[in-house]
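To start, the structure under review is shown below, and the notes come after it.
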Amino acid sequence: MAVIGALPKELAEAVSTSRLLVVGAGGIGCELLKNLVLTGFTNLDVIDLDTIDVSNLNRQFLFQKKHVGRSKAQVAKESVLQFCPEANITAYHDSIMNPDYNVEFFKQFTMAMNALDNNAARNHVNRMCLAAGIPLIESGTAGYLGQVTVIKKGVTECYECQPKPTQKTFPGCTIRNTPSEPIHCIVWAKYLFNQLFGEEDADQEVAPDIADPEAAWDPTQAAERANASNVDGDIKRVSTKQWAKSTGYDPIKLFNKLFRDDIKYLLTMDRLWRKRKPPVPLEWASLYNKENCSEIQNESSLLGLKDQKVLDVASYAQLFSKSVETLRDQLREKGDGAELVWDKDDPPAMDFVTAAANLRMHIFSMNMKSRFDVKSMAGNIIPAIATTNAVISGLIVLEGLKILSGNIEQCRTVFLNKQPNPRKKLLVPCSLDPPNPSCYVCAIKPEVTVKLNVHKVTIQMLQDKILKEKFAMVAPDVQIEDGKGTILISSEAGETDANNNRKISEFGIRNSSQLQADDFLQDYTLTINILHSDEMEKDVDFEVVGHIPEKVPQKPSEQSVKSITNGSDDGAQPSTSKAQDQDDVLIVDSDEESSSSSNADVSMESTSLKRKLPDEEIIGSTKRKRIEPPVEEDDDIIALD
């Protein structure tokens, strides 16, 4: 067999002529681009909407301090070309969800490789690759843990074949600029605690993010930022802690800066609020004027346990003030240069995070949470680790080479563990699962049943909460299957805006009605069956009850499988203190080398003793015969002897 370099001749030719799409140029993306060009791939397109921040420099090695503020995709291209000038790389400083990147765009590529940090973009790329008929290699890391898998239409599960737990990794610009869920505000409040009283971390900035790419969606503005100054030291940063010290940790000044001035500054970034409800600044004086003073809520007047009460805004402002004063005194007692460590079991620290998070929730029009809820949602931050990104990016290339060799049946889902399993393996390969026939994305005829109250759900809610948020559509068109083709929602701007505030029942939608939702960008059609219910659970607007992927239950006697976030290699990772409360990356901690990745997405702890199994034994419904290739072919498994 002829060999060119380290690759067989035919494979080397396929590598040199293929064209790849890399989505994301962050922690995994930088390592992946380096690996691809050094392997021999020369035709690459890379897209990322983010800009380089100082906090990226400790792990995204294609970037330097002089690049801060510039486009990640553009700088990654420039850096790669320095050590591989013959490469043909196209960089896009943009969102992959932009309508310009349609199915025809994806069809240009031999395959796509994801290096993303959020599930919304993952869902979108998954659908675009299915529509274009190209393979997708999905990946993610969280701390020391990681995962790589291959998605091929009609051959393997797609990314959405199995339900994903709520995302627990969030982009920094979401935390700082556009929180949409209570957990975003809780993470922000924890960051704020560290910025004021603890160890400052550039990854945990809380001030408005002026480099938010969405705030400068106009292509000319994006280009200007992408070509920002290369002069070292242009970026000036003011320490939040130093500013707070200069005020003597004055609670009122802190309150007005965080909840009034910073919010007013966010409102000047008007592009952020074109399709979002803008935040409403809070003013300390307005909460404590003479008329309101007598109305401040007394905790003892509320029924229920203290920690389970949700207070009003003025009471949370008062709690914020008291907790700042207490923490300030603790800091002074420790002396100059001292730092406090956030602990959910420390009352003043928990008071501070509860108050700050709820004030921010109120500003961004969310329902506030009790101290009990905030405490249960707050947890440890899982750091981004450069070596994990390096291992995962190497695995992505290995799977890509298998695809180019025409051996997709040899592709695997590979899990990277923190510690070796009983067989001394850090990397655990698992067979790829076939498509889920009930998947509402890749099934032959995608269909779901949604339970809701037709007299309460509006067209706007149908569009934003159900179609865009739940079913990850980008620009849906919806019609009633009533023989008339009545249009409820049009993706053409302004065409059906008059319908937005009307209830769906006003259009004749009732129990057993059927809707057809089309997203032409994703080349995706979903049939929605309406199940009317007068009695929905409290704070539940709708529920998906049929034709949606379901997890296979795991028997108590089966091997436990830990589950963590398949996601961002960057940014905040709120979670509880145990890894199994994370989502998406499945860590198989057993003496077997394979597991059904689709059935293993469960969170449970087990203290039961593990037993050595015969070679061909299968463990319940979550295990499959282990993959035991000959030793000489065991290229992607690391054994620690």
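Of all residue pairs spaced 6 or more apart or on separate chains, those with beta-carbon atoms under 6 Å, a first member in segment 274-287 that is at pLDDT below 95 and a second member that is among the hydroxyl-bearing types (Ser, Thr, Tyr) are Lys277/Ser365. Selection of segment 92-127 for residues being open to solvent by 30 Å² or more (accessible area, probe 1.4 Å) and aliphatic (A, V, I, L, M) yields Met97, Ala120. One residue stands out in segment 77-91 among those that are open to solvent by less than 50 Å² (accessible area, probe 1.4 Å) and in a loop (DSSP other than H, G, I, E, B): the one that is farthest from Lys152 (Cα to Cα), namely Cys84. Within segment 453-485, restricting attention to residues that are assigned to a loop (DSSP other than H, G, I, E, B) and under 23 Å from Tyr159 (Cβ atoms), which residue is farthest from the chain's Cα centre (by Cα)? Taking the candidates together, the pick is Ala475.
Could you look through segment 493-536, keep only residues that are of a type in the set (D, E, K, R) and under 28 Å from the mean Cα position of the chain (by Cα), and pick out the one that is nearest to Leu452 (Cα to Cα)? Among those residues, the one meeting the criterion is Asp518. Counting the residues of segment 27-60 that are open to solvent by 10 Å² or more (accessible area, probe 1.4 Å), small (Gly, Ala, Ser) and touching a residue at least 40 places away in the same chain (Cβ under 8 Å) gives 1. Cβ-Cβ distances below 6 Å connect the following pairs, each with a first residue in segment 364-389 that is surrounded by 18 or more Cβ atoms within 10 Å (Cβ to Cβ) and among the hydroxyl-bearing types (Ser, Thr, Tyr), a second residue that is in a loop (DSSP other than H, G, I, E, B) and modelled with pLDDT of 90 or more, and a separation of six or more residues or different chains: Ser370/Val310. Checked across segment 109-119, the condition of being hydroxyl-bearing (Ser, Thr, Tyr) and at pLDDT below 95 holds for no residue. Working only within segment 148-179, note down all residues that are outside any loop (DSSP other than H, G, I, E, B) and modelled with pLDDT of 95 or more. Passing the criteria: Val148, Thr149, Val150, Ile151. Just to verify a result, which residue in segment 24-61, among those that are within 18 Å of the chain's Cα centre (by Cα) and among the β-branched types (Val, Ile, Thr), is farthest from Phe109 (Cα to Cα)? Once the filter is applied, the top-ranked residue is Thr51. For segment 148-190, a residue qualifies if it is among the polar types (S, T, N, Q), closer than 30 Å to Asp53 by Cβ and open to solvent by 20 Å² or more (accessible area, probe 1.4 Å), and the qualifying residues are Thr149, Thr166, Gln167, Thr174, Ser180. One residue alone among Leu130, Leu136 is modelled with pLDDT of 90 or more, under 24 Å from Cys411 (Cβ atoms) and open to solvent by 10 Å² or more (accessible area, probe 1.4 Å), and that residue is Leu130. Considering the conditions (1) in contact with a helix residue (DSSP H, G or I) (Cβ under 9 Å, 6 or more places away or on another chain); (2) surrounded by fewer than 18 Cβ atoms within 10 Å (Cβ to Cβ), Ile444 is excluded by exactly one of them, (1). Within segment 394-432, restricting attention to residues that are of a type in the set (Gly, Ala, Ser) and open to solvent by less than 40 Å² (accessible area, probe 1.4 Å), the residue that is modelled with the lowest pLDDT is Ser431.
Scanning segment 513-530 for residues that are assigned to a strand (DSSP E or B), open to solvent by less than 10 Å² (accessible area, probe 1.4 Å) and within 14 Å of Val441 (Cβ to Cβ) yields Ala517, Asp519, Leu526, Ile528.
The values are calculated or read from the model by the stated rules, or taken from the named source; none is laboratory data. All of these numbers come straight from a predicted model, not from anything done at the bench. Note: ideal-geometry Cβ built from the backbone for every residue, glycine included; neighbour counts use all protein chains shown. For the accessible areas, the whole protein counts, side chains as well, though only heavy atoms, and no ligand, DNA or RNA atoms are used. Shrake-Rupley method; radii C 1.70, N 1.55, O 1.52, S 1.80 Å.
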